[in-house]
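The values are calculated or read from the model by the stated rules, or taken from the named source; none is laboratory data. Model, not experiment: these values are computed from the prediction. Quick reminder, even Gly has a Cβ in these numbers, built from the backbone with ideal geometry, and neighbours come from all protein chains shown.
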Amino acid sequence: MRRLPFLMLILVVLAMSFSCDRFRQAKVIIFDTICTDTLIGEADQAIYGTLGDKSNTQTLILYTYDDTMTFRLVNPQIIGRYIVGDRVAVVPCGEAMANRVVDITSLMQEWGTRDSVKVPHGFAIEADGKIRPINNNTGRLYHGWKLVNGRFVISHNNGKARTDTVSDTMDILKLTPDSFVIGDSLHAFRYGCIGENITVSKKKSRRQ
């Protein structure tokens, strides 16, 4: 009978050890999730490719690097005026469904404003995330651009003496052949087309 309390004590110790191990494991998983969200930021879920034949306002045929995909548009936000052969970013919202499409071909233009003597200044959005300043009189140095889930991200610093890089994420509020408007909850920036559309390859594209 004396062995019974001793056995019970051993069982309690083992149970506590097992519970502590499980608790420590859960903390590691939670910490890893927080670190991933904090350091990497928003993951880009968009799929990039070339718009195929038979695409319309309800269905998109997308040629990616190694596949052909079909999307049904559900209450879509169409950014730009795409045509067959344009490079686009498609943001899925379910199995074979999408609710946002950005026409990258329409985006790749020279955008800016004109001063009092009608000299254009702004930037040119080019392929492979490159951005080129045009008659830059602000001291801002542009480093590149990208799309993240259909939103426009531009990287820059504010002058030649600055080495830190800032990335601004903006919603594309308007994109037509003559107008490009981006903004956030506080500001809106309006640009007009000041040059020719920059030709891009019509070949099948990888994900950006």
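If I ask for residues that are under 21 Å from L175 (Cα atoms) and either buried (at least 16 other Cβ atoms within 10 Å of the Cβ) or without any contact (Cβ under 8 Å) to a residue 12 or more places away in the chain (or both), which ones from segment 53-83 would you list? Matches in segment 53-83: S55, N56, L60, L62, L73, P76, I79, G80, Y82.
Applying the condition of being of a type in the set (A, V, I, L, M, F, W, C) and part of a loop (DSSP other than H, G, I, E, B) to segment 92-117 and asking which residue is nearest to T50 (Cα to Cα) yields M108. From the residues in segment 128-143 that are at pLDDT 85 or above and at positive phi, which one is surrounded by the fewest Cβ atoms within 10 Å (Cβ to Cβ)? Only one residue fits best here, namely D128.
Taken together, R81, R162 contain a single residue that is modelled with pLDDT under 95, in a loop (DSSP other than H, G, I, E, B) and within 30 Å of I61 (Cβ to Cβ), which is R81. For segment 118-144, the set of residues classified as small (G, A, S) and in a strand (DSSP E or B) consists of G122, A124, G144, listed by residue number.
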